[in-house]
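Asker: I'd like to ask some things about the structure below.
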Amino acid sequence: MMLSVRDLKVSFRTDDGLVRAIDGVSFDLEEGEILGVVGESGSGKTVSLLAVMGLITDPNAVIEGSIRYRGRELVGLPARELRRLRGNEIAMIFQDPMTALTPVYTIGWQIAEQIQAHRKVSRSVALARVEELLAEVNFPNPREAMSRYPHQLSGGMRQRAVIAMALSCNPALLVADEPTTALDVTVQAGILDLVRKLRATHNSAVVFITHDMGVVSELADRVMVMYAGRIVERGSRAELFGDPSHPYTRALLGSIPPLTGEKPRRLPAIPGSPPSLLRLPKGCAFAPRCPARYEPCDGAKPVLTGGSHAAACFRVAQA
Amino acid sequence: MSEEMNTDQPILETRALGKRFSIGTRFSSEGRRVVHAVDNVSLTVRRGETLGLVGESGCGKSTLARCLVRLYDITDGQLLFEGNDVTSKSLASLRPLRRRLQMVFQDPSASLNPRRRVGDLVAEPLRVHTKLSGAGIRQRVAELFELVGLLPDHVVRYPHEFSGGQRQRVGIARAIALNPDLVVLDEPVSALDVSVQAQIVNLLADLQDKLKLSYIFIAHDLSVVRQVSNRIAVMYLGSIVEEGASEDVFATPAHPYSQALISAVPVVETTPSGRRKRIILSGDVPSPLKPPSGCRFHPRCPVAQDRCRTERPALQEHKTGRKVACHFPTI
C-alpha cells in the first residue's frame with residue numbers, strides 16, 4: 001500500500017466556531033493507481049489532499065487521524081522531513097498554474113531549480129533534464145520554451161510546464177487538484193492523456209481531484225465521492241458509474257445533460273444547495289436535499305458500509 | 001423551446017458584424033496594432049428560440065455577445081433588431097431597445113452591487129425604464145421573485161446572504177424585469193456548483209416557455225449548451241465555422257474543428273470499450289493578432305490541404321440548413 005489514510009479529520013477554528021472541513025475520511029491508494037476524488041465546492045476534496053501533502057499551515061487548523069505514506073506516518077512529521085518528500089516522491093499540481101510558477105524567472109530556470117533542490121546534479125545536467133521533460137509533456141519546441149517566462153505561455157502550456165516540474169523527480173505519487181478546470185476541453189483532453197501516459201511510463205500513482213464526473217470516468221481506476229467533508233460513496237470506476245448507489249451520486253450523474261441522444265425536456269435537478277460547514281445537520285448532510293430521505297437520516301450520520309464498493313447511506317445499508 | 005415559433009422575422013440579425021480593438025500605442029515595441037476579435041459574423045436569432053454560441057476561450061464569443069447588446073461599439077457590419085438597423089444608434093436612442101434586450105453575466109457576485117438589497121437591485125430597471133409607482137414596483141418585484149423561485153421575504157437580503165445559485169436567480173430576475181424579448185446569457189451556469197447548474201438550466205427553460213423569450217446562450221460546457229439550444233454556432237478565432245440545429249451538429253459535426261471540440265468533451269462511460277474516439281488538436285489557438293493565412297484553423301486541422309493554407313473558406317449553407325466554413329466538410 002502506497003498511501004493509507006485513516007479517520008482523517010481537519011477542523012479550522014474560526015470566529016463563528018469550529019468548522020470541521022474533513023470529518024473522518026479513510027482511503028487507500030495502491031502503487032500505480034489513479035484515484036478520482038469528486039465533489040462540489042466545500043466538499044473537502046481539496047483540504048483532504050492538502051492535509052496529505054502537509055500543506056495546511058494555518059495555525060487555526062487541527063489535523064487528526066493518520067496518513068501513512070509507504071509505511072511512514074506523515075501527520076506530525078517535521079517540516080524538514082516533509083519537504084524532502086514533497087516535490088521529490090510526492091508532487092502536486094494545482095488548478096491555476098500561475099500560482100505554482102514565479103513570474104520573474106524563465107520556465108527552464110524554475111524547473112532546473114526544482115531538480116537541483118532534490119538531486120545533487122550540475123546545472124547543465126539539470127537543464128538537459130528540463131529539455132527532456134518539456135518534450136515529454138508535448139512542448140513542440142522545448143529548447144525555446146525553456147527561455148520563456150510564464151506570461152508568454154498560454155494556459156494549457158503553463159499547466160504542462162507545471163506538470164513537467166511535478167514530474168522532474170519521477171514522483172511516486174502525483175496529486176492533481178482540478179488541473180484542467182480552467183482549461184478548454186480541447187486542451188484538457190491533452191492533459192488527461194499526459195496523466196495516463198505518466199502512469200504508464202513511470203507507474204506513478206495519481207490522485208485526481210475534480211468536480212467533473214466525465215473526467216473521472218475517463219481517467220480513474222477507483223472513485224471517491226465527497227459531500228460536506230465526508231466520503232459518501234467509493235468504488236471502482238465500473239461499480240460507481242455502472243451501479244451508483246448513494247442518492248447524491250445518482251442525482252449528480254442524473255443532472256448532467258447528455259451529449260448524445262434524446263434531450264430531456266427538463267433536467268433532473270437536485271433541489272437546494274450544498275450545506276454550509278458551519279451549520280451541518282445532525283444527521284446525514286445530504287438529507288435536506290435527498291429524494292430518499294426517511295427518519296433515520298435525521299438522527300445520525302450514516303457510515304460508509306460495504307466492501308470495495310461502499311456507500312454512506314441508511315437506505316442503501318437497509319436494502 | 002416553445003412549440004409554435006414565428007419564423008417570419010428574426011428578432012436579431014447580424015450582417016458581417018465585426019469588432020476591432022486597437023491595442024498598444026505608437027510607443028510600444030510593435031506600435032499600434034489591430035485585433036479582429038469578431039470577424040464577419042452573420043447570425044439570425046428567431047423569436048422564441050435559443051441560439052448557443054460555443055468555442056474555446058479567446059474565440060470571441062463574449063465579445064460578440066457584448067456587441068449584440070451594444071455594450072461594445074460595433075466596428076464593422078450591421079446589427080438589426082426586428083429588422084431595424086441599430087448598429088450605430090446613439091446611447092440615448094438605444095434606451096427603448098435596452099428594455100427589450102437584456103444580459104445575464106457569468107459571475108452573479110460581480111454583477112450585483114454588494115451594498116444594496118436584492119429587492120432594490122431587481123427594482124432598479126423598473127425605476128429607470130417605467131413610470132410605475134412605489135407600490136407598483138414592489139408588486140412587480142414580488143412577482144419576479146416568485147417567477148425565479150425566490151421567497152418574497154428575500155427582497156430585504158443582501159447578495160452575500162445568498163448561495164451562488166440564488167444569486168444567479170437574482171441576476172435573472174433583474175434581466176427579465178422589463179419583459180425583454182431577447183436575453184443574452186454569458187456563461188450563466190459556469191460559476192455554479194454542478195448540483196445547482198441543472199436548477200438554473202431548468203429555470204431558464206421555464207421562463208422561456210412562460211415569457212416567450214429568445215436566448216443567446218454562451219457557455220464552454222458543451223453538454224449544457226446542447227441541452228438549452230435549438231441551434232448552435234461554433235466559433236473559432238472570431239468567426240463562425242459551423243452553424244446548425246444543435247442535436248444535428250452534436251451528432252454529426254461537419255467542420256473538423258467542431259469534431260475535435262465535441263470529441264474532447266469527457267462523458268461518463270461505464271465500460272472502457274465504450275469510450276469514444278478522441279481527436280486531439282496539436283498546438284494552441286493562434287493569436288488573433290497574427291491570424292494564419294487561408295483557413296484560420298488550418299495549422300491545427302487534421303485534414304488540411306494546400307488549398308486551406310491560401311484560400312479562406314466562406315460559411316456556406318448545405319442541406320438541412322447546416323452552414324459550414326470548410327473546403328472539405330464531412331457533410
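Asker: Dividing the convex hull volume of the Cα atoms of the protein assembly as shown by its residue count, what figure in Å³ per residue is obtained? Mind showing how you got there, number by number?
Answerer: Details: hull volume 119.8 nm³, N = 650.
Roughly 184 Å³ of hull volume per residue.
Asker: Now for a separate question. Give me the Debye-computed log₁₀ of I(q)/I(0) at q = 0.09, 0.10, 0.14 Å⁻¹ for segment B:12-252, equal point scatterers on Cα only, no solvent, two decimals.
Answerer: -0.40, -0.50, -0.94
Asker: Here's a follow-up. Once both labels are modelled 7 Å past Cα along the beta-carbon direction, what's the B:Gln9-B:Ile279 spacing in nm?
Answerer: If labels sit at B:Gln9 and B:Ile279, their model points lie 4.0 nm apart.
Asker: Let me ask another. Expected output is a single nm value to one decimal: the length gained when fully extending between A:Val121 and A:Arg83, i.e. 0.36 nm times separation in residues minus the C-alpha distance. What is it?
Answerer: Numbers: separation 38, 0.36 × 38 = 13.68 nm, distance 1.85 nm.
This chain segment gains 11.8 nm when fully extended.
Asker: Give me a single rounded figure for A:285-295: the average over its residues of other chain Cβ atoms within 10 Å of their Cβ.
Answerer: On the way: counts 0, 1, 0, 0, 1, 0, 0, 0, 0, 0, 0.
Per-residue shielding by partner chains comes out at 0.
Asker: Helix-derived [θ] at 222 nm for the protein assembly as shown: sum -39500 (n - 2.57) over DSSP H runs of at least 4, divide by residue count, nearest 500? Intermediate results must be reported in sequence, preceding the final value.
Answerer: Numbers: 23 runs with 212 residues, N = 650.
Roughly -9500 deg cm²/dmol at 222 nm, from the helical runs in the protein assembly as shown.
Asker: What size of dipole, in debye to the nearest 20, comes out for the protein assembly as shown about its Cα centre when the only charges are +1 on Lys and Arg C-beta atoms and -1 on Asp and Glu C-beta atoms? Display every interim value, and only then the final one.
Answerer: Details: 81 positive and 68 negative charges, 228 e Å.
So the magnitude is around 1100 debye.
Asker: Starting from the 7 Å offset along Cα-to-Cβ, what nm value, one decimal, do you get for the label separation of A:Ala300 and B:Thr330?
Answerer: So the label points at A:Ala300 and B:Thr330 sit 5.6 nm apart.
Asker: Then there is this: For segment A:163-319, give the magnitude of the charge dipole about the Cα centre (Cβ charges: +1 Lys/Arg, -1 Asp/Glu; no others), in debye to the nearest 20.
Answerer: Working: 17 positive and 13 negative charges, 91 e Å.
Around 440 debye, computed over segment A:163-319.
Asker: Of the beta bridges DSSP finds with both residues in chain B, what % are antiparallel, to the nearest 5?
Answerer: Numbers: 26 of 43 bridges.
Among the beta bridges of chain B, antiparallel pairing accounts for roughly 60 percent.
Asker: Additional query: Give me the three principal axis extents of segment A:58-196 from the C-alpha atoms, as integers in angstrom, largest value leading.
Answerer: If we take the Cα atoms of segment A:58-196, the spans are 45, 38, 29 Å.
Asker: I'd like the distance separating the alpha-carbon centroids of segment B:12-32 and segment A:109-183, in whole Å.
Answerer: Here the answer is 35 Å between Cα centres.
Asker: Cα-based count: Lys pairs in chain B below 28 Å, eight or more positions apart or different chains?
Answerer: The number of close lysine pairs in chain B is 19.
Asker: Share of antiparallel DSSP beta bridges in chain A, in percent to the nearest 5? Let's see the in-between values first.
Answerer: Values: 30 of 49 bridges.
Among the beta bridges of chain A, antiparallel pairing accounts for roughly 60 percent.
Asker: Still on this structure, I have one more. Among B:Phe250, B:Val194, B:Gln102, whose Cα projects farthest towards the positive end of the dipole of segment B:12-252, with charges put on the beta-carbon of Lys, Arg (+1) and Asp, Glu (-1)?
Answerer: B:Gln102
Asker: I'd like the FRET efficiency for A:Ser236 and A:Val75, computed as 1/(1 + (r/R0)^6) with the beta carbon distance as r and R0 of 25 Å, rounded to 0.05. Intermediate values should be presented prior to the final figure.
Answerer: Details: r = 28 Å, r/R0 = 1.11.
Between A:Ser236 and A:Val75 the formula returns 0.35.
Asker: Please report, to one decimal in angstroms, the Kirkwood hydrodynamic radius of chain A built from all distinct Cα-Cα pairs.
Answerer: Values: mean 1/r = 0.0479 Å⁻¹.
For chain A, the Kirkwood estimate is 20.9 Å.
Asker: Would you list the P(r) distribution for segment A:127-254, with all Cα-Cα distances sorted into 5 Å bins from 0 and each bin expressed as a whole %?
Answerer: All Cα pairs considered, the percentages come to 2, 10, 19, 19, 17, 13, 8, 6, 4, 1, 0.
Asker: Count neighbours as other Cβ atoms within 10 Å of each site's Cβ, and list the GluC sites (Glu not before Pro) in segment B:193-271 that are DSSP loop with at most 15 such neighbours. Walk me through the numbers before you get to the answer.
Answerer: Numbers: sites: B:Glu242, B:Glu243, B:Glu247, B:Glu269; in loops: B:Glu269.
Listed in order of number, the matching sites amount to none.
Asker: Among B:Ala65, B:Ile23, B:Leu213, pick out the residue whose Cα is farthest towards the positive end of the charge dipole of segment B:12-252, where Lys and Arg carry +1 and Asp and Glu carry -1 on C-beta, about the Cα centre.
Answerer: Value computed over the given set: B:Ile23.
Asker: Could you work out the mean count of beta carbons from other protein chains within 10 Å of each residue's beta carbon in B:283-289? Before the final figure, lay out the partial values.
Answerer: Values: counts 5, 9, 5, 0, 1, 0, 0.
If you average over the peptide's residues, the count of other-chain Cβ atoms is 3.
Asker: Mind ranking A:227-238, A:306-317, A:190-201, A:60-71 by how tightly packed they are, going by the mean number of other C-beta atoms within 10 angstrom, highest first? List each step's numbers first, then the result.
Answerer: Values: A:227-238: 23.8, A:306-317: 18.7, A:190-201: 16.8, A:60-71: 14.9.
Going from most to least packed, we get A:227-238, A:306-317, A:190-201, A:60-71.
Asker: Using Cα-Cα distances under 8 Å and only pairs 6 or more residues apart, what relative contact order does segment A:74-223 have, in percent?
Answerer: The normalised contact order for segment A:74-223 reaches 29 percent.
Asker: About its Cα centre, how strong a charge dipole does chain B have in debye, to the nearest 20, once Lys and Arg get +1 and Asp and Glu get -1 at the Cβ?
Answerer: Values: 44 positive and 35 negative charges, 184 e Å.
The dipole magnitude comes to about 880 debye.
Asker: Contact order normalised by length for segment B:12-252, with contacts defined as Cα pairs under 8 Å and 6 or more residues apart; what percent is it? Present the calculation step by step, with values, prior to reporting the outcome.
Answerer: Numbers: 452 pairs, mean separation 66.8, N = 241.
Reported relative contact order: 28 percent.
Asker: A follow-up question, please. Quantify how strongly other chains surround peptide B:216-227 by giving the mean number of their Cβ atoms within 10 Å of each of its Cβ atoms. Before the final figure, lay out the partial values.
Answerer: Working: counts 0, 0, 0, 0, 3, 4, 3, 6, 3, 1, 5, 9.
Average per residue, whole number: 3.
Asker: So for the protein assembly as shown, taking the charge dipole from beta-carbon charges (+1 Lys/Arg, -1 Asp/Glu), which of A:Ala135, A:Leu29, A:Val225 sits furthest toward the positive end?
Answerer: After comparing all options, I get A:Ala135.
Asker: Going through segment B:14-67, which GluC sites (Glu not before Pro) have at most 15 other Cβ atoms within 10 Å and a DSSP loop state? Before the final figure, lay out the partial values.
Answerer: On the way: sites: B:Glu30, B:Glu49, B:Glu56; in loops: B:Glu30, B:Glu49, B:Glu56.
Of the GluC sites (Glu not before Pro), the ones in loops of segment B:14-67 whose Cβ has at most 15 other Cβ atoms within 10 Å are B:Glu30.
Asker: What is the log10 of I(q)/I(0) for segment B:66-128, computed with the Debye formula using one identical point scatterer on each Cα and no solvent, at q = 0.24 Å⁻¹?
Answerer: The computed values of log10 I(q)/I(0) come out as -1.08.
Asker: If you don't mind, there's one more thing I want to ask. In nm, what is the difference between 0.36 nm times the number of residues separating B:Ser133 and B:Phe27 and their Cα-Cα distance?
Answerer: Working: separation 106, 0.36 × 106 = 38.16 nm, distance 5.46 nm.
Contour length minus the Cα-Cα distance gives 32.7 nm.
Asker: Seen from all sides and averaged, what is the projected area of the convex hull of the Cα atoms in segment A:187-307, in nm²?
Answerer: On the way: hull surface 39.4 nm².
Its average projected convex-hull area is 9.8 nm².
Asker: So what's the gap between the Cα centers of segment B:54-127 and segment B:290-331, to the nearest angstrom?
Answerer: Result: 31 Å between the Cα centres.
No lab work stands behind these numbers, since they all come straight from the coordinates. This is a predicted model, so every value here is computed, not measured. Every residue, glycine among them, receives a Cβ derived from its backbone with ideal geometry; neighbour counts consider all protein chains shown.
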